[in-house]
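Rule-based calculations on the coordinates, nothing more; no lab input. Please read all numbers here as calculations on a predicted model, not as lab measurements. Every residue, glycine as well, gets a Cβ built from its backbone with ideal geometry; the counts of neighbours run over all protein chains shown.
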Amino acid sequence: MTFGQRFARFTTDVVVRHPGLWRFFRGPLRREFDRLAPRWDSLRGPDSLAPLEAVLDRLETPPQRVLDLGTGTGIAARLVGSRYPEADVVGVDVAERMLDEARRLTDSQRITYRQADAERLPFDRGSFDLVTLNNMIPFFDELARVTTSNGHVAVAFTAGAETPIYVRPERLRSELSRRGFAEFAEVSAGRGTALLARRS
Ligand SMILES: C[S@@+](CC[C@H](N)C(=O)[O-])C[C@H]1O[C@@H](n2cnc3c(N)ncnc32)[C@H](O)[C@@H]1O
């Protein structure tokens, strides 16, 4: 791993255990992703969306309102937008230059982008029936707050445990269970892994 990737892993490990420490990491991580934004898509492997696609295959009902957290250049937001033609999709990121790229690459009016922090989202309780995270640090309290009853959260890691931003499935399950999620499904696809959970 590069220094930047090791920093992303360290940040993930700390913040998942102690979300209150995110305030010390927000600035450096945002600067790192702003720096990477112009070449972010060239760093991606060919099957990087395979885990997210595989876990979305488990959804029985198409979502109507989707939030893609840590959207970066919007690749997962666009995937969801094309899979679910009736859905409105919001991609959120702290890094404005990532969002510049996302807007440039998106031609659907159903997909919009907003700069915001996943730790404190500018959305009402129960606003979304699907929340996706592709290689993104989960902030579990906010995930539970913005996901509607019977809605789903999909958490995917492109390269499984080798992904710089990675959380083990046991940890995902325990944090999500404590906040009212159940009916977990785990998949492996391409080089990666993903987990789906339903909010009761
Ligand atoms: C590893 S990148 C993944 C980008 C995209 N999901 C993809 O798969 O290409 C992580 C993204 O999450 C964003 N991010 C990290 N922490 C965040 C937070 N607390 N709130 C919003 N975005 C965040 C970063 O700026 C970065 O764009």
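General observations
- Scan region 130-165 for residues that are assigned to a helix (DSSP H, G or I) and in contact with an Asp or Glu (Cβ under 7 Å, 6 or more places away or on another chain) and the total you get is 2.
- Counting the residues of region 70-83 that are in contact with a strand residue (DSSP E or B) (Cβ under 7 Å, 6 or more places away or on another chain) and closer than 12 Å to R110 by Cα gives 4.
- Pairing residues of region 43-57 that are within 16 Å of G81 (Cα to Cα) with residues that are more than 12 Å from the ligand (Cβ to nearest atom) and of a type outside the set (G, A, S), at Cβ distances under 6 Å and at least 6 apart in sequence or on separate chains, gives A54/V187; V55/V187; V55/L196.
- All of T73, T61 fail the test of being surrounded by 14 or more Cβ atoms within 10 Å (Cβ to Cβ) and hydroxyl-bearing (S, T, Y), apart from T73.
Yes/no matrix, rows are residues, columns are (1) touching a Gly at 6+ places or on another chain (Cβ under 6 Å); (2) over 25 Å from V167 (Cα atoms); (3) more than 9 Å from the ligand (Cβ to nearest atom):
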{"site": "P28", "(1), (2), (3)": "no, no, yes"}
{"site": "A37", "(1), (2), (3)": "no, no, no"}
{"site": "A54", "(1), (2), (3)": "no, no, yes"}
{"site": "L59", "(1), (2), (3)": "no, no, yes"}
{"site": "Q64", "(1), (2), (3)": "no, yes, yes"}
{"site": "L69", "(1), (2), (3)": "no, no, no"}
{"site": "G91", "(1), (2), (3)": "yes, no, no"}
{"site": "A95", "(1), (2), (3)": "no, no, no"}
{"site": "S108", "(1), (2), (3)": "yes, yes, yes"}
